[in-house]
Ligand SMILES: Cc1cc2nc3c(=O)[nH]c(=O)nc-3n(C[C@H](O)[C@H](O)[C@H](O)COP(=O)(O)OP(=O)(O)OC[C@H]3O[C@@H](n4cnc5c(N)ncnc54)[C@H](O)[C@@H]3O)c2cc1C
C-alpha cells in the first residue's frame with residue numbers, strides 16, 4: 001500500500017495520528033502533500049503573520065519528513081473547490097492507493113473534506129480520517145441526554161470523566177521510516193503577495209523543534225507559577241504556544257500529558273486545584289470546549305451570535321471609533337497597548353484580548369464581528385473556535401459568556417494586572433514618563449500636562465459608555 005498523507009493544521013511528525021497510521025501501513029513508501037490555498041485563506045481572514053508562520057512550519061516539516069524518507073509535495077489552488085482534483089492528481093502521479101488525513105472541524109473545511117473523500121472513493125482509493133484537532137473527539141463529551149454542553153464547568157467535569165474512562169490520552173507511535181522515497185519534495189513557496197505584511201520569525205520560529213522547545217522551557221520555568229502570573233501581561237507568564245497549537249505544530253495531547261506529569265505524575269487532571277499545571281490544563285480544556293461547540297453548533301462558523309436574541313442589538317457604526325481602536329489610539333492606555341502589541345507581534349496577551357474586546361463591544365458598542373475579523377486578520381494564532389469563543393464571551397452574546405452588566409473598567413483592569421505600568425510603557429512609549437495612577441488614566445492629569453504628552457484623550461467617557469451598553473443589552477434581553 002502507498003498512502004498519500006495530506007497535512008493541514010497538523011504540521012508535525014510527533015504524535016500525529018494520520019502520519020503514524022499511514023507510515024505503519026505503507027508497504028511501498030508514502031508520499032505527503034500540503035495544499036496552498038491563498039484565496040480561501042484570504043476569505044478566512046488569515047493574517048500575513050500567520051501565513052508567514054505556517055509556510056515556515058511547512059518548510060520545517062518537509063525537512064523532518066525527508067529524514068523519514070517521505071517527500072512533501074506542495075500544490076497550489078486558489079480555493080477549497082480546487083483541492084479534490086489537485087489531490088487526486090498527486091495520488092495518480094505517484095500511484096497512491098489510500099488517503100490519510102486528520103480531520104478539521106470548521107464548516108468549510110469539513111465540506112472540502114467530504115468532497116475530497118467522494119473524489120478519492122470515486123477513483124477507487126480508500127480514505128482514512130483521524131481525530132487530532134481536540135484531545136477527545138467532538139461528540140464524545142455529551143450530557144446524559146446526549147446533548148452538547150453549552151456551559152463550561154459541566155463540560156470540564158464530563159471531559160475529565162471521559163478522559164479517565166478512556167485511560168488517559170495515549171501518544172501515537174513514532175512514524176516509521178520509509179525504505180524507499182517516492183518522488184521528490186517541492187520547494188515550499190514564499191508567502192503569496194496578497195499576504196505581504198508582518199513577519200516575526202524572531203518571535204515565532206517555525207517548526208516543531210521550536211514548538212516543542214517552547215513547551216519544554218515552559219514546563220521547566222513557567223508552569224509552576226502559571227496560576228499566579230498568567231494574568232500579568234508584562235510578564236512572560238504564559239506558554240505562548242498558541243500559534244503552534246493552532247497550526248498543529250505541537251500536539252495538544254502532548255501538552256496535556258506533559259502538564260499532568262508536571263503536576264507530580266498525577267494520573268488525572270484535576271482542574272479545580274489551584275496549581276500552575278492544573279490552571280494551565282483548565283485553559284487547554286477551554287480550547288477544547290470551544291472546538292466541541294463549533295461541531296455541535298456549526299452556525300458559530302457563520303457569524304451568528306450564539307444567543308440569537310443579541311443579534312437584535314443596535315450596534316454603533318462609528319467608523320472613527322473602530323479605526324481608533326484598531327490603531328491603538330483610543331486614549332485608554334491598556335487598550336492601546338494591547339492593540340499595538342497585536343500590530344507589532346501578531347499576538348496579544350489573553351487578559352488584554354478580553355479587555356480590548358470588551359472595550360470595543362461595550363464602551364464603543366461596536367459589533368463583536370468587527371473585532372473578531374480584525375483579530376483574525378492580525379493574529380499569528382488566529383483560530384476560528386477560540387477567537388469566536390473569546391469574542392462572544394467578551395460581548396456577552398456567547399455560551400457561558402460574561403453577563404452583559406459586568407463590564408470591565410479598563411483602567412481598573414490595568415491597575416490590577418499591570419500595576420506599575422510596565423506593559424503600557426512597552427507599547428505606548430508616549431506615556432513612558434508617567435507614573436502612579438496617571439499611566440493608567442492619563443485623563444486625570446491637568447490639561448496643561450496632558451497637552452505636552454502627545455497622547456489622545458479617551459474617545460468615550462468610560463462610565464457613560466458603559467451605561468449605554470448595559471441599557472442596549474437590557475432592552476434586547478427584555479424584548
Ligand atoms: C477576544 C479573544 C480572542 C481570542 N482569539 C484566539 C485565537 O484566535 N486563537 C487562540 O489560540 N486563542 C485565542 N484566544 C484565547 C487566548 O487568548 C489565547 O489562546 C492565549 O492568549 C494564547 O497564549 P498562550 O499560548 O501563552 O496561552 P496559555 O495561557 O499558555 O494557554 C495554553 C493554551 O491553551 C489555549 N487557551 C488558553 N486560553 C484560552 C482561552 N481563553 N480560550 C481558548 N483557548 C485557550 C491556547 O491554545 C493556549 O495556547 C482568544 C481570547 C479572547 C478573549
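General remarks:
- Contour excess over end-to-end distance, with Cα ends at residue 221 and residue 148 and 0.36 nm allotted per residue: 22.6 nm
- Between the alpha-carbon centres of the range 310-362 and the range 27-92 there is a gap of 34 Å.
- Semi-axis lengths (Å, descending) of the ellipsoid that matches the C-alpha gyration tensor of the range 48-90: 21, 18, 5
- The fewest-to-most ranking of 147, 415 by surrounding Cβ atoms within 10 Å reads 147, 415.
- As a proxy for reagent exposure, 444, 397, 279, 162 were ordered by neighbouring Cβ count within 10 angstrom, fewest first; the result is 444, 162, 279, 397.
- Whole-number percent relative contact order across the chain, with pairs defined as alpha carbons under 8 Å at least 6 apart: 17
- Given R0 = 56 Å, the distance between the Cβ atoms of residue 318 and residue 166 translates into a calculated FRET efficiency of 0.65.
- Residue separation of residue 261 and residue 28 scaled by 0.36 nm, minus their Cα-Cα distance, works out to 80.1 nm of gained length.
- Chain lengthening between residue 311 and residue 111 when straightened (0.36 nm per residue, less Cα-Cα): 69.4 nm
- Residue 327-residue 179 pseudo-label distance in nm [points 7 Å out on the Cα-to-Cβ vector]: 6.5
- Computed FRET value (nearest 0.05) for residue 157 with residue 274, which takes r as the C-beta separation and R₀ as 22 Å: 0.80
- Counting DSSP beta bridges with both ends in the chain, the antiparallel % (nearest 5): 5
- Where N is the number of residues in the range 372-415, Cα Rg divided by 2.2 N^0.38 Å: 1.30
- In degrees, nearest ten, helix 48-67 long axis to first principal axis of the chain (Cα): 30
- Here the range 3-132 carries DSSP beta bridges of which approximately 0% are antiparallel, counting only pairs with both residues inside.
- Computed log10 I(q)/I(0) for the range 81-181 at 0.12, 0.15, 0.20, 0.25 Å⁻¹: -0.60, -0.82, -1.06, -1.30, from the Debye equation with unit scatterers placed on every C-alpha and solvent omitted.
- From largest to smallest, the equivalent ellipsoid semi-axes obtained for the range 3-132 from the alpha-carbon gyration tensor read 21, 18, 13 Å.
- Ranked 340, 176, criterion: other C-beta atoms within 10 Å, fewest first: 176, 340
- Average Cα contact separation per residue, the range 308-478, under 8 Å, 6 or more apart, as relative contact order %: 29
- With a Förster radius of 30 Å applied to the beta-carbon distance between residue 299 and residue 203, the computed FRET efficiency rounds to 0.30.
- For a label point 7 Å along the Cα-to-beta-carbon line of residue 42, residues of the range 168-207 with backbone N under 11 Å: 192-196
- All Cα pairs of the chain, percent lying beyond 41 Å: 21
- Pairs of Cα atoms farther than 25 Å apart, the range 350-479, %: 33
- Cα-based helix-to-principal-axis angle, 152-165 vs the chain, degrees rounded to 10: 30
- Angle in degrees between helix 462-478 and the longest Cα principal axis of the chain, rounded to the nearest 10: 60
Read the figures in this text as sums done on the coordinates, not as results from a lab. The structure presented is a predicted model; accordingly, all values stated were derived computationally and were not measured. Virtual Cβ from ideal backbone geometry, glycine too; neighbours counted across all protein chains shown.
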